[in-house]
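Beneath this line is the structure, given in structure tokens, with notes to follow.
The values are calculated or read from the model by the stated rules, or taken from the named source; none is laboratory data. Bear in mind the structure is a predicted one, so any value in this text is a computation, not a measurement. Cβ: placed from backbone, ideal geometry, glycine included. Neighbour counts: every protein chain shown.
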Amino acid sequence: MTVAENIIKITTELPSTVKLVAVSKFHPVSAILQAYYAGQRIFAESRPQELQAKVLQTADYTDIQWHFIGHLQTNKLKMVLPHCALVQSVDSLRLLEAIQSWGLANSRVMNVLLEMHIAAEESKQGFSSEEILSVLGHCADFPNVRFCGLMGMATFTDDQAVIRCDFSKICTLFNEIKSCSATGLQDFTELSIGMTDDYNIAVEYGATMVRIGTKIFGERNY
Ligand SMILES: *Cc1c(COP(=O)(O)O)cnc(C)c1O
């Protein structure tokens, strides 16, 4: 199947409430444009330098929306924030504070998702549910940050029960936050869960965004 066929198939099968984020990391701009011509508009990258290069090379396609989904070091903000419609991977208070400072200095309000650590692997990034509730309790301290929802990555496993348990945790917290409808959280609407191997399960747990790379563009050559 071609990139265009993959985009059309996945988009057709997803419920209309779920946005497809095409994860183009490690794939060339030519592949991004194939997806673009099939109607795809949201793309995500996980490395600052690669994002910046691809943004420049696709500058003529002004309706592309870029998301950042990788670990972001505070000294790389300048390479990412000017280009991004959404930073999905805010995984520490330090990063959040740096984004607030950058937003203030540049008169921007940055859209972010807080990344929740739901996987069994210690290596994966993110906040605990307690930390997320604490950050959102202080959302007024971040006037240049718009809290748009949560992002999570399930454990890397074939065991569906484990994946369901991971998604259930983030889904429960997401619904809890939405239902309290605190002031400053009126834009808290996005739950970004699900990748190539688990996005159908993620949809069952209320995903509003799925982040798919391999199933669109094929295997990555690292
Ligand atoms: C690479 C990546 C994806 C896409 O993974 P696939 O399995 O290729 O669909 C999704 N989310 C994050 C955070 C990633 O780093």
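Structure summary
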quantity	calculated
Condition met for residue 195 (in contact with an Asp or Glu (Cβ under 6 Å, 6 or more places away or on another chain) and either surrounded by 14 or more Cβ atoms within 10 Å (Cβ to Cβ) or of a type in the set (Gly, Ala, Ser) (or both))	no
Number of positions in region 206-216 that are near the ligand (Cβ under 8 Å from one of its atoms) and not aliphatic (A, V, I, L, M)	4
Unmet criterion (only one of (1) within 16 Å of the ligand (Cβ to nearest atom); (2) assigned to a loop (DSSP other than H, G, I, E, B); (3) over 20 Å from residue 192 (Cβ atoms)) for residue 9	(2)
Any hit, region 13-35, residues being part of a loop (DSSP other than H, G, I, E, B), within 20 Å of the chain's Cα centre (by Cα), more than 16 Å from the ligand (Cβ to nearest atom) and free of Cβ contacts under 8 Å to residues at least 12 places away in the same chain	yes
Residue check, residue 164 more than 16 Å from the ligand (Cβ to nearest atom), closer than 27 Å to residue 102 by Cα and basic (Lys, Arg)	no
Count - residues of region 184-205 that are out of contact with any strand residue (DSSP E or B) (no Cβ under 7 Å at 6 or more places or on another chain), assigned to a loop (DSSP other than H, G, I, E, B), more than 8 Å from the ligand (Cβ to nearest atom) and modelled with pLDDT of 95 or more	2
Every pair of residues 6+ apart whose Cβ atoms lie under 8 Å, when the first sits in region 135-154 and is at pLDDT 95 or above while the second is in a strand (DSSP E or B) and small (Gly, Ala, Ser)	149/192; 150/192; 151/89; 151/192; 152/192
Members of region 206-220 that are surrounded by 15 or more Cβ atoms within 10 Å (Cβ to Cβ) and part of a helix (DSSP H, G or I)	215, 216, 217
Contacts under 8 angstrom Cβ, first residue in region 53-81 being surrounded by fewer than 20 Cβ atoms within 10 Å (Cβ to Cβ), partner at pLDDT below 95 and assigned to a loop (DSSP other than H, G, I, E, B), 6 or more apart	71/125
When residues of region 112-134 are limited to those that are surrounded by fewer than 20 Cβ atoms within 10 Å (Cβ to Cβ) and without any contact (Cβ under 8 Å) to a residue 40 or more places away in the chain, the one farthest from residue 193 (Cα to Cα)	134
Single condition residue 149 does not satisfy, out of (1) within 25 Å of residue 8 (Cβ to Cβ); (2) more than 14 Å from the ligand (Cβ to nearest atom); (3) surrounded by 21 or more Cβ atoms within 10 Å (Cβ to Cβ)	(1)
When residues of region 36-51 are limited to those that are over 19 Å from the mean Cα position of the chain (by Cα) and part of a loop (DSSP other than H, G, I, E, B), the one farthest from the ligand (Cβ to nearest atom)	39
Only listed residue being of a type in the set (Gly, Ala, Ser), under 18 Å from the mean Cα position of the chain (by Cα) and away from the ligand (no atom under 13 Å from the Cβ), chosen from 134, 128, 181	128
